[in-house]
1. Can you name the residue in region 96-118 that is more than 13 Å from residue 154 (Cα to Cα) and out of contact with any helix residue (DSSP H, G or I) (no Cβ under 9 Å at 6 or more places or on another chain) and, of all such residues, is surrounded by the most Cβ atoms within 10 Å (Cβ to Cβ)?
2. Can you name every residue in region 21-47 that is part of a loop (DSSP other than H, G, I, E, B), free of Cβ contacts under 8 Å to residues at least 24 places away in the same chain and under 42 Å from the mean Cα position of the chain (by Cα)?
3. Those residues that are modelled with pLDDT of 80 or more and surrounded by 15 or more Cβ atoms within 10 Å (Cβ to Cβ), I need them from region 151-173; list them, please.
């Protein structure tokens, strides 16, 4: 004696269960994702398993179409990467984009100028100005003024050639 066939359900029931439209269930049936038992009727377990398998494959970037899909995915990725490189190259040529090494070199030069201003002649100028001063406020103002002068000297430097040129600010009396 043959075991009874599992019950089948209409497309509307399967669509509601899978949170799909009836049309989408029919499309997935045509694609071989959801198996059909008979015209317009589906085995519940097979339909759910087919749809779950389809979602799992999509979530890990695979496709039921096999290597052909991988080829197209990789080709699309390659074309997109080439387009991105072309855009970056165009931006670089227009001066809208900078090379990371050039930026690093320029920042090191700027920091070097700031360091030279703050650690070079600045301490001697400050020491000469604060000797004999007793007012904390007056000393703070001298320090602030000297630091601002050092920073201004660094900010006026020319970094257009990847290096910084800036003269040492003139000593204040």
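1. For region 96-118, the residue satisfying everything is 105.
2. The answer is 21, 34, 35.
3. 151
The values are calculated or read from the model by the stated rules, or taken from the named source; none is laboratory data. Please read all numbers here as calculations on a predicted model, not as lab measurements. Because the Cβ atoms are built from the backbone with ideal geometry, glycine has one as well, and the counts that use them run over all protein chains shown.
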